[in-house]
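The numbers here are math on the coordinates, done by the rules we state, and not lab data. Everything quoted here is computed from the prediction, not taken from an experiment. Here the Cβ is made from the backbone with ideal geometry for all residues, glycine too, and neighbour counts use every protein chain on show.
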Amino acid sequence: MLSVSAAEEDRNRRLLRARDLVDRRSTDPLDVDALAAVALMARSHFIREFRATFGETPHRYLQRRRIERAMTLLRTTDTPVTDICMAVGFSSLGTFSRTFRDVVGTSPSAFRREADPATGFVPTAFRMRWTRPVGERGAKGVRPDRGP
């Protein structure tokens, strides 16, 4: 029989495997059932465990990863918003725009207008840290836009 720590380590490894799949294939059509299968868990159990471990549901994590990619494309290319929407894995411009606004706080077009081209080159690690959208909870469980 596995000890508690070995069982927990196995659970974490399986959850990381599912999260890594989202990171690698975020532009592909992924569903929670497929991710749960990768983690060798039932769908509802997988959702609960993923949220407890990573602080957001698998679906929200997938959406945030897609939005992060869209933010980079909006900032660095002149590609139309509709093309970016499809390139990052959304099938509906309306869903993309609503999700982008929910995560970033502004529309994709406004985000592109507000991007500062004078900033020049900023190392990726720094840019990702400062521009990463906040999930459902910010530091210490507080959403930055709503206060304590």
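Would you order S91, S107 from fewest to most other beta-carbon atoms within 10 Å of each residue's own beta-carbon?
On the way: S91 9, S107 14.
Placing the least packed residue first, the sequence is S91, S107.
Is the stretch 4-55 best put as rounded, prolate or oblate by its Cα gyration tensor, with a ≥ b ≥ c the root eigenvalues, rounded for a/c under 1.5, and otherwise prolate when a/b is larger than b/c, oblate when not? Don't skip to the end; give the middle numbers.
Numbers: a/c = 2.01, a/b = 1.67, b/c = 1.21.
Prolate, since a/c reaches 1.5 and a/b exceeds b/c.
Residue by residue, the stretch 45-52 carries 3J(HN,Hα) couplings of 5, 4, 4, 4, 5, 4, 5, 5 Hz when phi is fed to the Karplus relation 6.51 cos²θ - 1.76 cosθ + 1.60 (θ = phi - 60°); x denotes Gly or Pro.
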